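Here is the structure we will look at.
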Amino acid sequence: MRKKLNIRDIIYSALLAAITSVLGYVVIPLPFSPIPITGQSLAVMIAGCVLTPIQAGLSMLIFLFMGCAGLPVFSGGRAGLGIVVGKSGGYLIGYLIGAVIISVLTRKNKSMINMFLSCLLGGIVVVHFLGIAWLGFITQIGIKKAFVIGSLPFLPGDLLKSIAAISISVRLNKELKRH
């Protein structure tokens, strides 16, 4: 059975797309990697922990469409289809898939442990896997070097972001239950 999107779905999705876009301006370039540290993966994890799978997927699709249409929403204010097919494109597609996976895994069980494990799988493993696979393919550096420059340096920060996402999500979920 198909569920029609309601105004709440659209508003929540647009809000998380906007938050993802804004967190793209939190950028720390790494001299040894073509991929910068950004706050966007935090938004992906929050979207997955708070939104339904449809809302989470829609929020990341809106984000990707805005960037492809030329709005400066990708890391550092970049935009355009070239970014999605460029070095960081795998991470961007990973945001979509990762947010949906996190949401599916946390849909019935919003415990902190379940959200943490879901963020690890969807927000780190899936995003990093797609990111390094694409980075290795596009740059022809191979998967091992792509892992060393495109995943390994980001793991500690992404673990901290998952903890922050859970903390934020627990509070948001409580507030959303009230309304």
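Kindly indicate whether any position in segment 136-147 is farther than 22 Å from Ile46 by Cβ and outside any helix (DSSP H, G or I). Quick ask: steps written out before the conclusion?
Just the residues of segment 136-147 that are farther than 22 Å from Ile46 by Cβ, to begin with: 136-147.
This time we only want the ones that are outside any helix (DSSP H, G or I), so: 140-141.
Yes, some residue in segment 136-147 is farther than 22 Å from Ile46 by Cβ and outside any helix (DSSP H, G or I).
Could you grab me the full set of residues in segment 118-133 that are small (Gly, Ala, Ser) and under 12 Å from the mean Cα position of the chain (by Cα)? Spell out the reasoning first.
So in segment 118-133, the residues small (Gly, Ala, Ser) come out as 118, 122-123, 131, 133.
Correct list: Gly122, Gly123, Gly131.
Could you tell me whether any residue of segment 74-92 is under 10 Å from the mean Cα position of the chain (by Cα) and in a helix (DSSP H, G or I)?
Keep residues of segment 74-92 that are under 10 Å from the mean Cα position of the chain (by Cα), which gives 91-92.
Right, trim to in a helix (DSSP H, G or I) and you get 91-92.
Scanning segment 74-92 turns up at least one residue that is under 10 Å from the mean Cα position of the chain (by Cα) and in a helix (DSSP H, G or I).
What do you reckon, is Val22 of a type in the set (A, V, I, L, M, F, W, C), under 17 Å from Arg78 (Cα atoms) and touching a Pro at 6+ places or on another chain (Cβ under 7 Å)? Before you say what the answer is, go through the steps one by one.
Numbers: of a type in the set (A, V, I, L, M, F, W, C): yes; under 17 Å from Arg78 (Cα atoms): yes; touching a Pro at 6+ places or on another chain (Cβ under 7 Å): no.
Taking the combined requirement at face value, the residue does not satisfy it.
Just to be sure, is Thr20 crowded, with 19+ Cβ neighbours inside 10 Å, modelled with pLDDT of 95 or more and polar (S, T, N, Q)? It would help to see each step written out before you state the result.
On the way: crowded, with 19+ Cβ neighbours inside 10 Å: yes; modelled with pLDDT of 95 or more: yes; polar (S, T, N, Q): yes.
Yes: the conditions hold for Thr20.
Collect the residues in segment 1-17 that are of a type in the set (Gly, Ala, Ser) and either surrounded by fewer than 17 Cβ atoms within 10 Å (Cβ to Cβ) or farther than 22 Å from Val104 by Cα (or both), keeping them in residue-number order.
Of segment 1-17, the ones of a type in the set (Gly, Ala, Ser) are 13-14, 17.
Within segment 1-17, Ala14 is the sole residue that qualifies.
Which ones in segment 30-71 are assigned to a loop (DSSP other than H, G, I, E, B), surrounded by fewer than 24 Cβ atoms within 10 Å (Cβ to Cβ) and touching a residue at least 12 places away in the same chain (Cβ under 8 Å)? Full working, then the answer.
Step one: of segment 30-71, the residues assigned to a loop (DSSP other than H, G, I, E, B) are 30-36, 39, 51-52, 69-71.
Narrowing further to those that are surrounded by fewer than 24 Cβ atoms within 10 Å (Cβ to Cβ): 30-36, 39, 52, 69-71.
Listed by number, the residues that qualify are Leu30, Phe32, Ser33, Pro34, Ile35, Pro36, Gly39, Thr52, Leu71.
The values are calculated or read from the model by the stated rules, or taken from the named source; none is laboratory data. What you see is a predicted model; the values in this text were computed from it and never measured. Glycine gets a Cβ as well: all are built from the backbone with ideal geometry, and neighbour counts include every protein chain shown.
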